[in-house]
Amino acid sequence: MDLDEVAGRLYALPPSEFTAARTAEARAAKDAGDVRLSRDIAKLRRPTVSAWAVNRLAREHPDALAELLDVGESLRAAWERQDAGELAELTRRRGEVTGRAGRLAREGVNLSAAAGAEVDQTLDAAVVDAGAAEEVRRGRLDKPLRFSGFAPAPVPRGRPAAARGKRGSGTEDTEKARAEAREEETRKRAEAEARKAEERREAEAAHREWRDALDAAEKEHGERAEKVARLERKLAKARKKLDDSAQRLEVTRREERHARLRLDRGR
C-alpha cells in the first residue's frame, strides 16, 4: 500500500465519507508499521463538493474529459501560433465540450449554484492551463481550480511568461497588470476564507465521528461492566455456598470419625 493508491480510493468517495475513510486508512497504515505513510494519509484534504464532482467526471467519463483536455491542448498551441482561423474553430468546440463535460459532472449530483460555477471554473482552467489539465486528469482535486490571465497559458517550451498574450501599449499593460493583481489578491483572499471554512467543516465532521465513537464505546463499556458486576455477584454467592458446603463436609467427616471410633470400642 502506498500514498498514491490510498489517495485514489479516498478521492473517489463523496466528501461526506472522506474523513472517516481517511482516518481508517491512516490507522491501518500505522497498525502495519508505516508511520510515515499514516502521517501522509492524515494530511490529505477533504474535497469540496465541486472538486469531488470533477473527480467523479474523471473517473466515470474519461472519454468526455479527454476530449475536453485535447481541445485545450490544441487551443493553447493555436494561441502560440496566433492562428486566427484555428482559434475560432477551437473556441467553438471549447464551448461544446466544456458544456457537455459540465453536464456530466452534474449528472446525478445535487450541486448548489456556487458549486456548479466552481465546476465550470475548474473545467475552464483545465482547458487553458496544462498544469490544471493534469490535476483534473488525475481525479484527486480537493478544491476547485481557477486560471488567472488574459489568454491561455503558453505551451511549455522554455519561453518566458511575459510572452503570454499580445502586448499592448505601456499604459494598457500597466492597467491590465494592476487589474490582474487586484483580481489575484481577491482570489487569494476568497481561497483563504474558503479553506478556513472547509477546515472548520472538516474539524466539525471529525469531532462528530469521534463523539459518536465515544458514545458507542461508553455504552459498550457500561454494558460489559454491568455484566461483570452481575457475574461477580453470582460468583460471591457461589463462593458462599461453597464455603457452607466445605463446613458441612468438615463437620460430617468429624462426626463420621467419632461414630467409627465408638463402633470400634464396642466390638
**Filtered residues of the range 1-11 (kept if buried (at least 16 other Cβ atoms within 10 Å of the Cβ) and either within 22 Å of ARG200 (Cα to Cα) or free of Cβ contacts under 8 Å to residues at least 12 places away in the same chain (or both))** = ALA7, LEU10, TYR11
**Asked** Any idea which residue in the range 222-251 is modelled with the highest pLDDT, counting only those that are over 60 Å from the mean Cα position of the chain (by Cα) and of a type in the set (Gly, Ala, Ser)?
**Response** ALA246
**Asked** For ALA177, which of the numbered conditions (1) open to solvent by less than 50 Å² (accessible area, probe 1.4 Å); (2) at pLDDT below 70; (3) among the aliphatic types (A, V, I, L, M); (4) over 26 Å from ASN55 (Cβ atoms) fails to hold?
**Response** (1)
**Fill in**
Note on THR122: of the conditions (1) over 28 Å from ASP142 (Cα atoms); (2) in contact (Cβ under 8 Å) with a residue 60 or more places away in the chain, unmet is (1)
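The values are calculated or read from the model by the stated rules, or taken from the named source; none is laboratory data. Predicted model, so just to flag it, every value in this text is computed and none were measured. Counting neighbours? That spans all protein chains shown, and the Cβs are built from the backbone with ideal geometry, glycine included. For the accessible areas, the whole protein counts, side chains as well, though only heavy atoms, and no ligand, DNA or RNA atoms are used. Shrake-Rupley method; radii C 1.70, N 1.55, O 1.52, S 1.80 Å.
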